[in-house]
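Heads up, the thing below is written out as C-alpha cells.
The values are calculated or read from the model by the stated rules, or taken from the named source; none is laboratory data. The shown structure was predicted, so the numbers you read here are calculated from the model rather than taken from an experiment. Cβ coordinates were reconstructed from backbone atoms using ideal geometry, including for glycine residues, and neighbour counts include every protein chain displayed.
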Amino acid sequence: MRQILSLLKWTAILLVIASVAFAIFVGIKLNKPATTESLARDFEIRKGDTAGQVVDRLMENKFIRNDLIMEVYLRWKNAEDKLQAGVYLLDSNMTIPEIVQILTQGQVKASGLRVTVIEGWGIRDIATRFENLGLAQTEEFTEAAGLPLVLENDLPDYSQYDFLKHKPAGASLEGFLFPDTYLAKEDSSAETIVRKMLDNFGSKVTPQMITEIEKQNRKLYDVLILASLVEREVGRNLKTGTKLTEQQIKTLAEERRLVAGVFMNRLKLGMALESDATVNYITGKKTPRAALEDLNISSPYNTYLNRGLPPTPIGNPSLDSIRAAISPADTDFLFFLTAPDGTAYFGRNLQEHARNRQLYLE
C-alpha cells in the first residue's frame, strides 16, 4: 500500500510539472507571431465556417505558426462559437491573442486601400506611390513631410512626437517615415498619412532604443542616417517585393550589422564611406551600383568626395537596419561589395577587397 501511495504521489508531482511546462510552452507560443516582419493581408471568415476550418486557413495563409496552440486558446477563451463572418485585415506579425480578439469582436476591414511603403524608400518615392493610387498629390505629401527643406514653423505641428526633437531644424522627415503597410482612406490628407507613419515610428523605435543610443554618446539622427545607408546597401540587388525565407532574412540581418560595422570603422579612421547608395541618392538612379561618371559629382551627399555621414538620411530605414546601426558588428572589415545575386562580401584591406571584386564582380 505504501508503495502504491508513493507511486501515486510521484505521478501527481510529474503531472503538475508537465502541466506547468506545457502552460509555459503555450504561453511562449501564444505571444510569438508567425513572422517578425509585417505582412498585412485580407482574411475572410465565411458564414457557416467552423472554428477548425478557420484555424486551418489561418495556418495555410501563414498567419499562425501552430494550429494546436490556436485551438487550445480558442477553447480556453470559449471563443470557438464567437468567430464572426467578414473580411478582416490581419498581419503575420500579430500574436494569436491579437488575431482572436479581431475575429471575435467583428473588427472587419475598414474601407480604404492598403499601401505598402518599401524599406529604404525616400519621401519622393512614397509620395509618388500615394499619388499613383489617387490618395495624395506628390506636392501635397512632400510638403507635409518637409520637402523641399522649409522653416520649422512652416511644417504642420508635429511637436507631439518627442523623437523629432533629435531632427535638425529645417530638415525634412526623411528617416522618420516608417516603412510598413498602411490602410489609407480615399479622403485621407497627406498630413494624416504622414502622422500614421510617425505614429508607427514612435511605436517601433522605443525610448529604450533611444536611451541605448545616448549611452553610446551618439545621436538618434546620426543613427538614422547610418541605418538609411545600410538599408540601401544591403540586399540592394533583390527584386522589390521578393518574399524571403527565414534563412534569407537572418542572413540579411547579419549582413546589415556587418555593413554598419564597416561604416563605423571607416568613420572612426576618418576614411570616406564611399557608399554608392549616397551617390544614387543624388542622381535618383535605381541601379545597384553608382556609375563611374557620377562619383565626382559635387554634393554633400557624395561620400566618395566627402568624409563623414551625409547631412540627412537618404531614405526611410527598416527596424532591422536601425537596430544594426545601433549595434553594429564588432569587426575589423573596412570594405564590402555586393555581388549580382545580392550577397555581400567583406574585406579587411584593399588586397582582400580587390580579390573579392575579381571573384564576384568581374
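Check Ala260, Ala253, Ala290, Ala324 and return the single one that is farther than 23 Å from Asn217 by Cα, crowded, with 22+ Cβ neighbours inside 10 Å, out of contact with any His (no Cβ under 7 Å at 6 or more places or on another chain) and hydrophobic (A, V, I, L, M, F, W, C).
None of the others qualify; the one that does is Ala290.
What are the pairs, 6+ residues apart or on separate chains, where a residue within the range 176-191 that is touching a residue at least 40 places away in the same chain (Cβ under 8 Å) and closer than 25 Å to Ser321 by Cβ has its Cβ under 7 Å from a residue that is part of a loop (DSSP other than H, G, I, E, B) and hydroxyl-bearing (Ser, Thr, Tyr)?
Listed pairs, sorted by first residue: Pro179/Ser318; Asp180/Ser38; Thr181/Ser38.
Which of the helices (runs of 4 or more DSSP H) found entirely inside the range 133-222 contain at least 2 residues meeting this: hydrophobic (A, V, I, L, M, F, W, C) and more than 25 Å from Thr116 (Cα to Cα)?
207-215
Quick check on my filter: what residues within the range 330-362 are out of contact with any Ser or Thr (no Cβ under 7 Å at 6 or more places or on another chain), part of a strand (DSSP E or B) and in contact (Cβ under 8 Å) with a residue 60 or more places away in the chain?
If the condition is that a residue be out of contact with any Ser or Thr (no Cβ under 7 Å at 6 or more places or on another chain), part of a strand (DSSP E or B) and in contact (Cβ under 8 Å) with a residue 60 or more places away in the chain, then Phe335, Phe336, Thr338, Phe346 are the ones that fit.
From (1) among the small types (Gly, Ala, Ser); (2) at pLDDT below 90; (3) surrounded by 14 or more Cβ atoms within 10 Å (Cβ to Cβ), pick out the condition that doesn't hold for Ala51.
(2)
Under the condition of being in a strand (DSSP E or B) and in contact with a Leu (Cβ under 8 Å, 6 or more places away or on another chain), which residue from the range 68-89 is farthest from Ile45 (Cα to Cα)?
Once the filter is applied, the top-ranked residue is Leu89.
Return a yes/no flag: does the range 199-219 have any residue that is on the phi > 0 side of the Ramachandran plot and at pLDDT 95 or above. Quick ask: steps written out before the conclusion?
Applying the first criterion (on the phi > 0 side of the Ramachandran plot) to the range 199-219 yields 217.
Those still in the list that are at pLDDT 95 or above too: 217.
Yes: one or more hits.
Can you work out which of the residues in the range 293-308 that are touching a residue at least 24 places away in the same chain (Cβ under 8 Å) and closer than 26 Å to Arg323 by Cβ is surrounded by the fewest Cβ atoms within 10 Å (Cβ to Cβ)?
Arg307
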